[in-house]
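Here the structure is laid out as structure tokens; the discussion comes afterwards.
The values are calculated or read from the model by the stated rules, or taken from the named source; none is laboratory data. Fair warning: this is a prediction, and the values are worked out from it, not measured in the lab. Every residue, glycine as well, gets a Cβ built from its backbone with ideal geometry; the counts of neighbours run over all protein chains shown. Areas reflect the complete protein model, heavy atoms only, side chains present, ligands, DNA and RNA absent. Shrake-Rupley method; radii C 1.70, N 1.55, O 1.52, S 1.80 Å.
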Number of protein chains: 2
Amino acid sequence: MVRIGEFSKIAQVPASQLRYYDEIGLFSPMRIDSETGYRYYSVQQLAQLNRILALKDLGLALDPIKRLVEKEVSPDEMRGMLALKKAQIEQTLQAEAVRLNAVESRLQLLDREGAFQDDDVVLKSLPAQPFLSMRRTYGNLVETLAGISQMGKTVTQQVEAKALGRFAAVIYGELFEDSNWDLEFGFLLNHSLDLTVALSEETVMEVRELPAVATAVTAMRFGGPENGHLSYSAIGTWVENHQYRLIGPGREVFVVPPRPGHESEMVVEIQFPVEALSA
Amino acid sequence: MVRIGEFSKIAQVPASQLRYYDEIGLFSPMRIDSETGYRYYSVQQLAQLNRILALKDLGLALDPIKRLVEKEVSPDEMRGMLALKKAQIEQTLQAEAVRLNAVESRLQLLDREGAFQDDDVVLKSLPAQPFLSMRRTYGNLVETLAGISQMGKTVTQQVEAKALGRFAAVIYGELFEDSNWDLEFGFLLNHSLDLTVALSEETVMEVRELPAVATAVTAMRFGGPENGHLSYSAIGTWVENHQYRLIGPGREVFVVPPRPGHESEMVVEIQFPVEALSA
DNA sequence: TCTTGACCTTCAAGTAGCTTGAAGCTTTAG
DNA sequence: CTAAAGCTTCAAGCTACTTGAAGGTCAAGA
């Protein structure tokens, strides 16, 4: 029997933690002196403590561990817990990898530019997302707007609102020509669905996965398309100045969609996939 | 200007979080009605909020982000922060990978055994660790103990105590023979050092890295070597029953080293690297 | 035997980044 | 005009601890 300080040295666990585990009833000393309150542990208890720490290392929370060591858990429940944990860890791994990517981008950027950028152009990484969309070539602005408006109505009628995310467009051609716009547009979805929406005999919207983008340059455009060239040129000069290169079609995500009579309040996020030109 | 509810929908950020950011002075509404206290945001502020969220996505804490957006950070400081973050993320990635491994081991184990084991044999993953050690073949127990004892004295005299971890041994041969024990022993180190310790003309201890073990079966032995066979046979039967295979030399880590007169209180952790026999 | 210092006790508060809930006021739609 | 939805502040809760204050206990040396 040893006092808490020695046991904490042996087990390589801070005494405060042992007291805490005692307090929450997870792991208690062999004996507590009823006069002084001193905790006395036996080295035999190391085995138990190690089991607890091993489970904690798996990423389990203390509460489930408590039930585990008290044997209140069926094998099936245990299997469920572990499978859940596994899925969580896999997610975390993915998320961390993306994060690492983003941090590295920033670092490279900083090395080249020497200062932190303070304009409105921002690097992001974009996750893959299901996209209920159609692709077509439009002759002019009026035709496009009409198409979009009709699509909006049809979709909101046929698809439950909470599945629908933001309205978005992918721009395949050059927008700076006045005609023949090659566009894909539709709604981002909050979770993948298997559905199609028929707009007419010839045009059907389908769900596909909009691929993830490791690094994208993004900018916000406030107001209607008349401000569009501003944001595009901001992105264009930024990309040139910072030694990146466009590697895919741009996207516009409608953060605040235009409402009739309030078009000037609309907000669009413009996103371009890029990659760093390796020095 | 919109109220907090609508802004929260647009920005996809809970209102409670916006209030919190206001409270800590990280991101405040454009205007607060002095009569009602209502917060009013402008859509233009989305750009600022998005910058903040992007930095948060990098894994930065809110406090540094606050200083960043208030531009109280030099590029060099920023570089330092990011480099630190990068290192942290890389660590996390490693740790998560190990964790995933361990969880998968447990799951496989559970699938084969159908129940959670409740004896004292536990699966762990072991990190790589620097090891100040020497390897020799010993003729018999007495010779071995003498060697160990001399080594302990010399090392504790020559190396600062706080660098020294636990005493440990790697067992290369079969211990069940009575002679010719092929052993490596010495002290685990808390951080890597570049040093050698000469025990005699012929024997010199050096620091080398004891490799990490993805999956190890471990057991605790309480008491002297006379209990040793118990733990070894426990591990042996466990490994057979659970369809694992030994893939490297075993280790003994002295958690509570023997003290003269109190040998029966010693505690040793026995570790064997294993791998699952793929079904 | 006394003192000193190391060690132990409990209890309260702090950590990060929020979320939840209660009690009460304001705005908007019908 | 009323009801519902939306807003306010303030307090407490979450995880897994750590830190610190105030005070009691133990072992060794003088």
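At a glance:
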item	result
Test: residue in region A:57-74 that is more than 27 Å from B:Phe167 (Cβ to Cβ), within 10 Å of another protein chain (Cβ to nearest Cβ) and part of a helix (DSSP H, G or I)	yes
Hits in region B:42-56 (condition: within 10 Å of chain A (Cβ to nearest Cβ) and open to solvent by 20 Å² or more (accessible area, probe 1.4 Å))	B:Val43, B:Gln44, B:Gln48, B:Asn50, B:Arg51, B:Leu53
Top-ranked residue of region B:17-35 - restricted to ones that are of a type outside the set (A, V, I, L, M), in a loop (DSSP other than H, G, I, E, B) and open to solvent by 80 Å² or more (accessible area, probe 1.4 Å), ranked as nearest to DNA strand C (Cβ to nearest atom)	B:Glu35
Selection count where residues are surrounded by 18 or more Cβ atoms within 10 Å (Cβ to Cβ) and at pLDDT 85 or above, scope region B:223-252	5
Some residue of region B:225-241 being in a loop (DSSP other than H, G, I, E, B), out of contact with any Ser or Thr (no Cβ under 6 Å at 6 or more places or on another chain) and polar (S, T, N, Q)	no
Candidate set from region B:75-85 (those that are more than 7 Å from every other protein chain (Cβ to nearest Cβ) and surrounded by 14 or more Cβ atoms within 10 Å (Cβ to Cβ)); member that is farthest from the chain's Cα centre (by Cα)	B:Glu77
Matching residues in region A:1-16 - criterion: being near DNA strand D (Cβ under 10 Å from one of its atoms), open to solvent by 30 Å² or more (accessible area, probe 1.4 Å) and either under 23 Å from B:Glu269 (Cα atoms) or within 14 Å of another protein chain (Cβ to nearest Cβ) (or both)	A:Arg3, A:Pro14
Residues satisfying the stated conditions in region B:208-263, i.e. within 12 Å of chain A (Cβ to nearest Cβ) and among the small types (Gly, Ala, Ser)	B:Ala216, B:Ala219, B:Gly223, B:Ser231, B:Ala234
A:Arg51, sole failed condition from (1) more than 11 Å from DNA strand C (Cβ to nearest atom); (2) not in a helix (DSSP H, G or I)	(2)
Residue in region A:93-115 that is over 28 Å from the mean Cα position of the chain (by Cα) and part of a helix (DSSP H, G or I) present	no
Condition check for A:Lys9: of a type outside the set (A, V, I, L, M, F, W, C) and more than 14 Å from DNA strand C (Cβ to nearest atom)	no
Residue list for region B:135-156, restricted to those being in a strand (DSSP E or B) and crowded, with 17+ Cβ neighbours inside 10 Å	B:Tyr138
Unmet criterion (only one of (1) within 16 Å of DNA strand D (Cβ to nearest atom); (2) without any contact (Cβ under 8 Å) to a residue 40 or more places away in the chain; (3) touching a Lys or Arg at 6+ places or on another chain (Cβ under 8 Å); (4) closer than 30 Å to A:Phe167 by Cα) for B:Ile32	(4)
Subset of region B:86-115 (residues that are modelled with pLDDT under 85 and either surrounded by fewer than 14 Cβ atoms within 10 Å (Cβ to Cβ) or more than 7 Å from every other protein chain (Cβ to nearest Cβ) (or both))	B:Ser105, B:Gln108, B:Leu109, B:Asp111, B:Arg112, B:Glu113, B:Gly114, B:Ala115
Answer from A:Glu184, A:Glu209, A:Glu202 - the residue that is open to solvent by 90 Å² or more (accessible area, probe 1.4 Å) and more than 21 Å from the chain's Cα centre (by Cα)	A:Glu202
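Yes/no per residue for (1) among the small types (Gly, Ala, Ser); (2) within 14 Å of DNA strand D (Cβ to nearest atom):
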| residue | (1), (2) |
| --- | --- |
| A:Ser28 | yes, no |
| A:Ser42 | yes, no |
| A:Leu49 | no, yes |
| A:Asp57 | no, yes |
| A:Val69 | no, yes |
| A:Val73 | no, no |
| A:Gln91 | no, no |
| A:Ala95 | yes, no |
| A:Val103 | no, no |
